[in-house]
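The values are calculated or read from the model by the stated rules, or taken from the named source; none is laboratory data. The structure displayed is predicted, hence computed values, not measured ones. All Cβ positions, even for glycine, are placed from backbone atoms using ideal geometry, and neighbour counts span all protein chains on display.
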Number of protein chains: 2
Amino acid sequence: MKRNVLIIGAGGVAQVVAHKCAQNNDVLGDIHIASRTLSKCESILETVHAKRAMKQEGVLAAHQVDAMDSAAVAALIRETGAQIVINVGSAFVNMTVMDACIETGAAYIDTAIHEDPAKICEIPPWYGNYEWKKRDLCTEKGVTAILGAGFDPGVVNAFARFAADQMDEVKSIDIVDINAGSHGKYFATNFDPEINFREFTGTVYYWEDQQWKETSMFASGREWDLPVVGTQKAYQSGHDEVHSLAANYPKADVRFWMGFGDHYINVFTVLKNLGLLSEKPVMTAEGQEVVPLKVVKAVLPDPSSLAPDYTGKTCIGDLVKGVKDGKDIEMFVYNVADHKEAFDEVGSQGISYTAGVPPVAAAMLVASGEWDAKTMKNVEEMDPKPFFTLLDKMGLPTRVQIGGLGGEDKAWDA
Amino acid sequence: MKRNVLIIGAGGVAQVVAHKCAQNNDVLGDIHIASRTLSKCESILETVHAKRAMKQEGVLAAHQVDAMDSAAVAALIRETGAQIVINVGSAFVNMTVMDACIETGAAYIDTAIHEDPAKICEIPPWYGNYEWKKRDLCTEKGVTAILGAGFDPGVVNAFARFAADQMDEVKSIDIVDINAGSHGKYFATNFDPEINFREFTGTVYYWEDQQWKETSMFASGREWDLPVVGTQKAYQSGHDEVHSLAANYPKADVRFWMGFGDHYINVFTVLKNLGLLSEKPVMTAEGQEVVPLKVVKAVLPDPSSLAPDYTGKTCIGDLVKGVKDGKDIEMFVYNVADHKEAFDEVGSQGISYTAGVPPVAAAMLVASGEWDAKTMKNVEEMDPKPFFTLLDKMGLPTRVQIGGLGGEDKAWDA
């Protein structure tokens with residue numbers, strides 16, 4: 001039941017996806033990777049060969065495509081015979097790539113929400129502005145689309161589902177994302193700085209008391225005492241998964257907390273207050289029109305360049321509170337990943353690793369039929385157990401603390 | 001003995017210069033102002049008329065000129081009959097404007113050192129790289145050129161000369177520049193951000209033990225307990241006047257100290273460490289070549305926009321130590337200026353005021369013959385007393401503390 005794969009994008013996450021597809025090409029078949037810049041795809045292929053990552057002999061090919069051009073993507077799907085498209089390109093290409101999948105019948109998997117370059121932080125639920133508008137069309141055409149199948153969103157949605165399935169009622173879902181690693185640079189973002197900063201410049205939406213509420217970045221923070229990484233400060237942030245989990249668990253409060261050190265906050269605050277994170281063009285004294293955020297991106301380290309020196313661990317998990325048999329219960333479902341181990345295996349840092357492994361697991365579940373939904377789904381709408389089983393084997397084991405943070409610690413299936 | 005004046009530049013300092021020339025047009029004659037952007041000159045003329053600043057009826061006219069084009073400046077000098085050029089344009093135009101003066105015989109006055117846009121912080125003495133190379137030519141042609149006749153450089157050079165004249169031997173000259181005012185913005189520079197930041201990104205040169213020594217910005221700081229503004233922290237910085245005073249008082253240590261708050265230092269440090277203060281172009285992901293510093297300049301408030309809300313005072317002075325009749329002596333020679341008073345008088349903030357009044361005083365001394373040197377001079381090479389007498393009347397009174405900081409406080413001529 002081979003399902004040839006086309007990977008869209010050639011950044012740090014795409015490299016992880018390529019390696020993991022190669023390691024599982026007995027399940028996934030031919031592997032194609034395409035981006036605007038052919039040489040970036042070719043560089044990724046070289047790292048796959050250097051690590052001897054191909055499980056068995058097979059096709060591994062690079063292509064050039066403008067992912068904003070839906071017809072070009074559709075043509076490439078047909079040319080490559082791809083049956084599954086893993087879109088880890090820029091957040092601006094989701095809808096054109098999805099349209100190409102709907103047109104050709106290929107399954108679509110992505111790891112982050114669609115964004116319009118000209119807009120920051122649209123009204124919630126974010127999926128309702130773009131992706132969900134195509135749900136009926138996917139159903140009609142029998143096209144599988146798995147939305148937000150990275151780590152967060154993605155695995156954390158499955159964490160929430162896993163905990164919720166063990167409760168009669170879910171009261172709250174708090175997703176906590178801590179990167180306790182160190183890249184050794186003065187300042188860097190772990191993802192494309194443009195996307196990274198866009199996440200934090202707008203309104204922070206969260207779901208509480210069955211309604212959308214608003215706060216602003218760094219206004220709501222608390223300390224979390226987490227496994228392995230210890231006590232860390234995290235702040236409420238806007239994040240994709242809040243928008244689908246709120247729809248699927250409308251009675252629960254849903255919040256996302258991102259860990260930030262004081263240094264990150266200081267740099268971010270300076271840049272934001274000066275207007276340097278703006279996506280709106282300014283005019284220099286010389287009459288050149290420039291988008292400040294794109295200049296900030298240009299001076300920051302390329303996130304993929306951080307990998308060789310990145311050390312330390314990440315801890316990402318869901319604290320889920322609810323009621324079972326009339327009693328309050330809590331579980332913390334989580335994963336700990338290591339930057340150096342990620343680099344040793346696939347040449348990427350841990351943040352790219354955690355984002356890039358899950359969509360490959362999702363693709364394997366689509367290939368096996370277990371997640372071949374023939375419609376559009378967010379990850380929490382799919383059975384989490386086969387997903388965790390694959391992730392355990394692929395390097396991202398799921399653990400649980402029973403009774404909440406600091407409770408009995410065990411593997412999810414122990 | 002009228003000497004028609006041509007002002008080059010149309011920024012905040014140029015506005016002060018225009019007002020002060022107008023207030024003294026009985027001495028200075030016709031007043032012309034020219035810059036790349038005619039409308040900026042016209043706006044300044046409007047403020048002069050609004051304040052009824054013209055002492056007597058006379059010519060006040062705006063012109064467009066590219067000050068990088070020496071022949072164009074020379075043509076404008078001839079066309080306007082200007083006998084004194086006050087150059088308060090960008091630091092990049094000094095040499096082309098000076099060349100035009102040498103060609104036409106007009107006297108030249110500026111307030112800051114020449115800079116090459118492509119270079120930051122050249123080897124000391126800075127004047128030796130550009131201006132002083134033209135000294136012999138000025139002498140030969142009998143052209144007066146008064147270099148660095150703003151406040152610092154400028155008045156502080158005269159402060160040093162005034163103190164030195166009362167000593168048998170000068171041991172040290174420490175120039176301290178404190179702006180204890182508040183503009184109410186998150187962050188702003190008081191001068192063109194491009195020039196302001198360029199001052200602080202390079203090596204800090206100072207003169208000690210009869211040789212050039214080096215430190216870096218914010219590496220050497222100390223608290224100063226000053227008149228009116230109180231205790232303030234200032235840091236050794238590179239500054240023009242160190243380079244001429246070291247040549248004229250080679251046996252004295254010469255240092256410059258600039259006051260900075262922790263917030264300024266934090267913003268500056270973030271921008272510098274990220275590479276956003278670089279004058280070297282970077283390439284965005286979209287292939288646009290951009291100079292980061294020019295984008296920072298574009299997002300920061302226009303310094304001239306700060307004036308209406310600026311409150312508080314500046315204190316700039318020289319602590320001069322030496323020996324007189326075998327005994328150690330110290331004097332602090334200084335001025336205190338007020339932002340709001342400056343705005344009320346000429347519509348500019350205090351920093352522009354302190355920089356813009358002195359070159360007009362210098363022009364009046366050139367007109368009167370007292371400073372008509374017929375060669376190139378730095379301010380400390382001229383008699384400071386008529387300069388102070390004019391500055392007292394023009395809004396920048398000179399005071400002295402005898403015995404050093406905190407000593408008996410009196411007017412310079414009391």
* Please determine, by comparing only the residues of segment A:228-272 that are among the β-branched types (Val, Ile, Thr) and in a strand (DSSP E or B), which one is farthest from the other protein chains (Cβ to nearest Cβ). => A:VAL254
* Structure fact -> Output for Cβ contacts, cut-off 6 Å, separation at least six or different chains, first residue under 18 Å from B:TYR130 (Cα atoms) in segment B:376-388, second among the small types (Gly, Ala, Ser) and part of a strand (DSSP E or B), reads B:MET376/B:ALA145; B:VAL379/B:GLY154
* To do: Would you kindly identify the helices (runs of 4 or more DSSP H) lying entirely within segment A:80-150 that contain at least 1 residues that are of a type in the set (Val, Ile, Thr)?
  => A:94-104, A:135-141
* Asked: Among the listed residues B:ASN87, B:ASN157, B:ASN129, which satisfies the condition of being within 21 Å of B:TRP212 (Cα to Cα), of a type outside the set (Val, Ile, Thr) and buried (at least 24 other Cβ atoms within 10 Å of the Cβ)?
  -> B:ASN157
* Would you kindly identify the helices (runs of 4 or more DSSP H) lying entirely within segment B:301-414 that contain at least 1 residues that are modelled with pLDDT under 95 and crowded, with 24+ Cβ neighbours inside 10 Å? => B:339-346, B:350-368
* Only one of these conditions is not met by A:PRO124: (1) within 30 Å of A:GLU214 (Cα to Cα); (2) touching a helix residue (DSSP H, G or I) at 6+ places or on another chain (Cβ under 6 Å); (3) buried (at least 24 other Cβ atoms within 10 Å of the Cβ). Which number is it? -> (3)
* To do: Look through segment B:1-25, keep the residues that are more than 15 Å from B:ASP192 (Cβ to Cβ) and modelled with pLDDT under 95, and return whichever of them is surrounded by the most Cβ atoms within 10 Å (Cβ to Cβ).
  => B:ARG3
* **Test result for A:GLY350, closer than 22 Å to A:VAL48 by Cβ, touching a strand residue (DSSP E or B) at 6+ places or on another chain (Cβ under 6 Å) and of a type in the set (Gly, Ala, Ser)** => yes
* Would you call B:GLU57 buried (at least 16 other Cβ atoms within 10 Å of the Cβ) and of a type outside the set (A, V, I, L, M)? -> no
* Keeping to segment A:281-298, report how many residues are under 18 Å from A:PRO193 (Cβ atoms), in a loop (DSSP other than H, G, I, E, B) and either in contact (Cβ under 8 Å) with a residue 12 or more places away in the chain or at the interface with chain B (Cβ under 8 Å from one of its Cβ atoms) (or both). => 1
* Asked: Can you tell me which residue in segment A:268-282 is farthest from the chain's Cα centre (by Cα), limited to those that are surrounded by fewer than 18 Cβ atoms within 10 Å (Cβ to Cβ) and farther than 22 Å from A:ASP116 by Cα?
  -> A:ASN273
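Residue-by-condition table, conditions (1) under 25 Å from A:VAL333 (Cα atoms); (2) buried (at least 20 other Cβ atoms within 10 Å of the Cβ):
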site	(1), (2)
A:ASP165	yes, no
A:GLY181	yes, yes
A:THR189	no, yes
A:GLU194	no, yes
A:TRP212	yes, no
A:SER220	yes, no
A:TRP224	yes, yes
* To do: Residue by residue through segment A:342-363, note down the ones that are more than 17 Å from the chain's Cα centre (by Cα) and either over 18 Å from A:VAL17 (Cβ atoms) or in contact (Cβ under 8 Å) with a residue 40 or more places away in the chain (or both).
  => A:GLU345, A:VAL346, A:GLY347
* Test B:LEU306 against the stated conditions and say whether it is closer than 23 Å to A:THR284 by Cβ and touching a His at 6+ places or on another chain (Cβ under 7 Å). => yes
* Residues of segment A:166-191 being assigned to a strand (DSSP E or B) and either modelled with pLDDT of 95 or more or under 15 Å from the mean Cα position of the chain (by Cα) (or both), which ones? -> A:GLU169, A:VAL170, A:LYS171, A:SER172, A:ILE173, A:ASP174, A:ILE175, A:VAL176, A:ASP177, A:ILE178, A:ASN179
* **segment B:6-52, subset more than 23 Å from B:PHE191 (Cβ to Cβ) and of a type in the set (Gly, Ala, Ser), residue nearest to the chain's Cα centre (by Cα)** => B:GLY29
* Asked: Looking at A:LYS40, A:LYS55, which one is modelled with pLDDT of 95 or more and in a loop (DSSP other than H, G, I, E, B)?
  -> A:LYS55
